[in-house]
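Below is one structure, written out as structure tokens, with a few remarks after it.
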Amino acid sequence: MSDSDSSSNAMWGGRFAGGPDQIMEAINASIGFDQRLAAQDVAGSRAHAAMLAAQGIITDKDAEAIREGLLTVLSEIEGGTFKFSAALEDIHMNVEARLIELIGDAGRRLHTGRSRNDQVATDFRLWVRDQCDAAIAGIAALQKALLGQAEQGADWVMPGFTHLQTAQPVTWGHHMLAYVEMLSRDLSRFKDARKRMNESPLGAAALAGTSFPIDRDATAEALGFDRPCANSLDAVSDRDFALDFLSAASICAMHLSRLSEELVIWSSAQFRFVAMSDRFSTGSSIMPQKKNPDAAELIRAKIGRIFGAQSALLMVMKGLPLAYSKDMQEDKEQVFDAADTLMLSLAAMTGMIGDMAANPDALRAAAGHGFSTATDLADWLVREAGLPFRDAHHVTGTLVAKAEAKACDLPDLSLAEMQEVHGDITEAVFDVLGVDNSVASRTSFGGTAPDNVRTQIASWKERLA
């Protein structure tokens, strides 16, 4: 996909008398995957042709023929009647060859003042920019599904975990909002990446610019870019924009994988926190009682493809001198696959969350186990008994050990048993040992109290409206 001298093609000169053999054609051709850039390639060529005419470099008549011809080519591609040729290597030469077939010599003037190097850099940027927009929309849809769950269970009590061990009671709504916050950072990363990549390489030509009096600001504006890239060497050799996209996609994918893991755990018979819908579950071929959270498991696995794409592109780019090298043809397949995987995973997760039915009774029962209100007891000893927190921590630990020895939870100890450990404990301590009292007390900003959760839900609804 470059203007390098390593390939033979009748369209761009007689440098090589014979064509490449089948092995060279196979390794050199990219049309098998870069045909996905067809719409972007046509858009870039239309902008370039219009600019050439405005600058007096080609005639208005030729520009109009090019415009109409490109629309015909795109229509053929979208209609499935276009015949792609591996001998023509890439999407650019396939489009240009067909354009010349349709309109003759006018089509041969299209490539004036540009190179395949800036052409592919422009096409790829446009495509990745579109994927940023798609990811932003997909993330927002998932956030809305999570908000729906949060609103339904703003005051449902569940265990909060650290190390996957019961830590303190939280609310279901609070847990759902944690993922809304994670995804908001993902959304901002895609927005940042989009803004950073929104510069046009078109007109940088092979690597040094061109002697034709082109107007790069005009083509940049026509394609929705903020400005042209300022350095022609950088413009054709930069793939930071693709790495930016893959970085944002990888972090977002990691968040989807964490949520998938929780759904797998929560839907198990041992937890029963949620029931997944039949739409996103499968049965077993031998065990009729099974309902497997396959969609969540597949998301968890597919995330590795996105991580791998980022690593692969970093490896491609790490040793390349300026400007273009044929290695950079290997930049697209990984990005295409990562974008497809991310969008599929976002869609599947949005569907799962929207269909998911939480089990408030199971959540509540689990919240009361595992000494989840031990921290509330320690806080009470600080506030009411005047103990330093470290002493309160020690007293609470002793009470936990006593309850553990009796195979009961903290609220099941009698007052007398508690006073054996510390005499200043009063009947009032039982007011803080219930899970509802525990979550209601966590009113600090960002805390799990139901009122906090409802406030945050209202705020997020406004932001996502």
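The values are calculated or read from the model by the stated rules, or taken from the named source; none is laboratory data. Since the structure is predicted, the reported quantities are computational estimates derived from the model, not experimental observations. Here the Cβ positions follow ideal geometry from the backbone for every residue, glycine too, while neighbour counts run over all protein chains shown. Only protein heavy atoms, including side chains, enter the accessible area calculation; ligands, DNA and RNA are left aside. Shrake-Rupley method; radii C 1.70, N 1.55, O 1.52, S 1.80 Å.
Before moving on, here are some points about what is shown:
- Filtered residue count, segment 139-164, keeping only those that are over 21 Å from ASN437 (Cα atoms) and either outside any helix (DSSP H, G or I) or among the aliphatic types (A, V, I, L, M) (or both): 9
- Filter result for GLN55 (open to solvent by 60 Å² or more (accessible area, probe 1.4 Å) and closer than 19 Å to ALA97 by Cβ): no
- Of the residues examined, GLN143 is not one that is open to solvent by 30 Å² or more (accessible area, probe 1.4 Å) and either under 24 Å from GLN310 (Cα atoms) or touching a residue at least 24 places away in the same chain (Cβ under 8 Å) (or both).
- Selection status of HIS48, at pLDDT below 95, open to solvent by less than 10 Å² (accessible area, probe 1.4 Å) and in contact with a Leu (Cβ under 9 Å, 6 or more places away or on another chain): no
- Condition met for ASP244 (among the acidic types (Asp, Glu), over 14 Å from MET349 (Cβ atoms) and open to solvent by 20 Å² or more (accessible area, probe 1.4 Å)): yes
- Selection of first residues in segment 168-191 that are open to solvent by 10 Å² or more (accessible area, probe 1.4 Å) and of second residues that are among the acidic types (Asp, Glu) and modelled with pLDDT under 95, restricted to Cβ pairs under 9 Å at least 6 apart or on distinct chains, gives the following pairs, ordered by first then second residue: GLN168/ASP376.
- Subset of segment 204-215 [open to solvent by 40 Å² or more (accessible area, probe 1.4 Å), in contact (Cβ under 8 Å) with a residue 24 or more places away in the chain and not aromatic (Phe, Trp, Tyr)]: LEU207, ALA208, THR210, PRO213, ASP215
- Selection of segment 217-243 for residues being assigned to a helix (DSSP H, G or I) and touching a Phe, Trp or Tyr at 6+ places or on another chain (Cβ under 9 Å) yields THR219, VAL236, SER237, PHE241, ALA242.
- Enumeration of residues in segment 294-330 that are touching an Asp or Glu at 6+ places or on another chain (Cβ under 7 Å) and assigned to a loop (DSSP other than H, G, I, E, B): LEU320
- Single match in ALA357, ALA365 (criterion: of a type in the set (A, V, I, L, M), closer than 20 Å to TRP156 by Cα, out of contact with any helix residue (DSSP H, G or I) (no Cβ under 9 Å at 6 or more places or on another chain) and without any contact (Cβ under 8 Å) to a residue 24 or more places away in the chain): ALA365
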